[in-house]
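The values are calculated or read from the model by the stated rules, or taken from the named source; none is laboratory data. No experiment lies behind these values; they were computed from the predicted model shown. All Cβ positions, even for glycine, are placed from backbone atoms using ideal geometry, and neighbour counts span all protein chains on display.
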Amino acid sequence: MSTKANHIKQYYENKKLLSEPIFQPSATEYGDWIVTIAFYCAVHLIEKALAQSPGRLHSPHHFGRFENIRKVRTLNKVAADYQTLYIQSIRSRYKCHNFGADDIMGVLDCLTAIEAEIA
């Protein structure tokens, strides 16, 4: 099981990658990767918050994470943004969706909202 420190480290590594010029929101050529990286930034922020919650929760999989988000009252504020990122990441990874700049900005806005609550 990963620790709070592991999740923080992974979040910052993913966030650094997301800030590379190739992954700017206008670079829709790599929209699928922007969405995927943003989603995993959120995963690690949520897991960090779960690790420091009462009970020191850990999610064994995505569905378990949704359940844990419901259990931790302070995470209720980010539940909708996390769900949006999850859905968009599914579209990216498994449905080969082409994301436009507006889609990408929406995803990044969801990540920003989660960062504001957790980071």
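Within segment 98-115, the residues that satisfy the criterion of being surrounded by fewer than 16 Cβ atoms within 10 Å (Cβ to Cβ) and outside any helix (DSSP H, G or I) are 98, 100.
Look at segment 78-95: where a residue is farther than 13 Å from residue 114 by Cβ and a partner is part of a helix (DSSP H, G or I) and among the acidic types (Asp, Glu), sitting 6+ places away or on another chain with Cβ atoms under 7 Å, you get 92/32. Quick check on segment 1-35: of everything there that is in contact with a Lys or Arg (Cβ under 6 Å, 6 or more places away or on another chain) and of a type outside the set (A, V, I, L, M), which residue is farthest from residue 73 (Cα to Cα)? The extreme case among them is 7. Please determine, by comparing only the residues of segment 1-55 that are part of a loop (DSSP other than H, G, I, E, B) and of a type in the set (Gly, Ala, Ser), which one is farthest from the chain's Cα centre (by Cα). Checking each candidate, the answer is 55.
Residue 87 meets each of the listed conditions (1) assigned to a helix (DSSP H, G or I); (2) out of contact with any helix residue (DSSP H, G or I) (no Cβ under 7 Å at 6 or more places or on another chain); (3) surrounded by 15 or more Cβ atoms within 10 Å (Cβ to Cβ) apart from (3). For residue 62, the criteria (1) at pLDDT below 95; (2) of a type outside the set (Gly, Ala, Ser); (3) surrounded by 17 or more Cβ atoms within 10 Å (Cβ to Cβ); (4) under 12 Å from the mean Cα position of the chain (by Cα) hold in every case but one, which is (3). Against the definition (surrounded by 16 or more Cβ atoms within 10 Å (Cβ to Cβ) and of a type outside the set (A, V, I, L, M)), how does residue 36 come out, yes or no? For residue 36, the condition - surrounded by 16 or more Cβ atoms within 10 Å (Cβ to Cβ) and of a type outside the set (A, V, I, L, M) - is met.
Just one of (1) among the β-branched types (Val, Ile, Thr); (2) modelled with pLDDT of 95 or more; (3) crowded, with 17+ Cβ neighbours inside 10 Å fails for residue 118. It is (2).
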